[in-house]
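Quick notes on the structure that follows.
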Amino acid sequence: MLYYAVFTAFAMLAIGSNGKPTISKANEPKRCCIPKQFSAQISTSHGVKLPDGTITASYAYYNFSYDGNRGMVGLKGVSFSIPDQQQSNLWIIENRNDGQIYTIDQGSKQCQKSQMPIQPLSCIPGIQNTATYLHSSTYGYGDKQIIGDTWLVTNNNIVNYATVSRDDLCVPLSGHIFLPSVLTALTTTDFTPKIDDPSIFNIPAECQNAV
């Protein structure tokens, strides 16, 4: 369970530059950067091929907070493995300053420390410089609607189809991320442009000696 949980924290922000500029299309929307601070609810699904060849999958939902000023990402929620539906209460902390991800099983109080697979960026340089605009769609109904713009962003071996809101907030609405041996889909709801609970970034005692 902990092996593929570590991909959740960085997947939401795994939108980087591959250094290959693209030509802007005449009808593409304005390129944007995600907020420096926000909280949201996210739901994720993962498919992973483990080093021994085993295929595993999971579905999870989390309270998510991002603080770009401090370089921290925090998640707390529930993950279900598929197909056995094993449930784990997880707390994930990503410290972008030292490149570490801490994944805590809150039931067993076990902490796993791992290195971030890539270095996510507080802005979205891919959408600023190297992303390819694909299409737009409308979210909501009636007079409660927002437009989401979908971009194809590649970064080395990572491919991300990322959808962000077209308003000034540039909310990351969804992502479909493809890494070697890992597939991830992510949806964002209940966005607020602030940190709901700053303690979500506090690394607990059980992680101090984690390896």
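The values are calculated or read from the model by the stated rules, or taken from the named source; none is laboratory data. On a predicted model such as this, the values are computed, not experimentally measured, just so you know. Cβ coordinates were reconstructed from backbone atoms using ideal geometry, including for glycine residues, and neighbour counts include every protein chain displayed.
The table below lists the values:
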| read-out | value |
| --- | --- |
| Residues located in region 183-202, provided they are crowded, with 18+ Cβ neighbours inside 10 Å and either in contact with a Pro (Cβ under 7 Å, 6 or more places away or on another chain) or farther than 15 Å from Gln37 by Cβ (or both) | Thr184, Leu186, Thr188 |
| Failed condition for Trp91, given (1) buried (at least 17 other Cβ atoms within 10 Å of the Cβ); (2) more than 19 Å from Ile195 (Cβ to Cβ); (3) among the aromatic types (Phe, Trp, Tyr) | (2) |
| Spans of strands (runs of 3 or more DSSP E) in region 94-169 with at least 3 residues over 30 Å from Asn209 (Cβ atoms) and either among the charged types (D, E, K, R) or modelled with pLDDT of 90 or more (or both) | 132-141, 144-155, 158-165 |
| Condition check for Ser45: in a strand (DSSP E or B), within 30 Å of Ser136 (Cβ to Cβ) and small (Gly, Ala, Ser) | yes |
| Some residue of region 169-179 being hydrophobic (A, V, I, L, M, F, W, C), crowded, with 18+ Cβ neighbours inside 10 Å, touching a Cys at 6+ places or on another chain (Cβ under 6 Å) and in contact (Cβ under 8 Å) with a residue 40 or more places away in the chain | yes |
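Each row is one residue, and each column tells you yes or no for (1) more than 29 Å from Gly148 (Cα to Cα); (2) out of contact with any strand residue (DSSP E or B) (no Cβ under 6 Å at 6 or more places or on another chain); (3) of a type outside the set (Val, Ile, Thr).
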{"site": "Leu179", "(1), (2), (3)": "no, no, yes"}
{"site": "Thr189", "(1), (2), (3)": "no, no, no"}
{"site": "Ile195", "(1), (2), (3)": "no, no, no"}
{"site": "Asn202", "(1), (2), (3)": "yes, yes, yes"}
{"site": "Asn209", "(1), (2), (3)": "yes, yes, yes"}
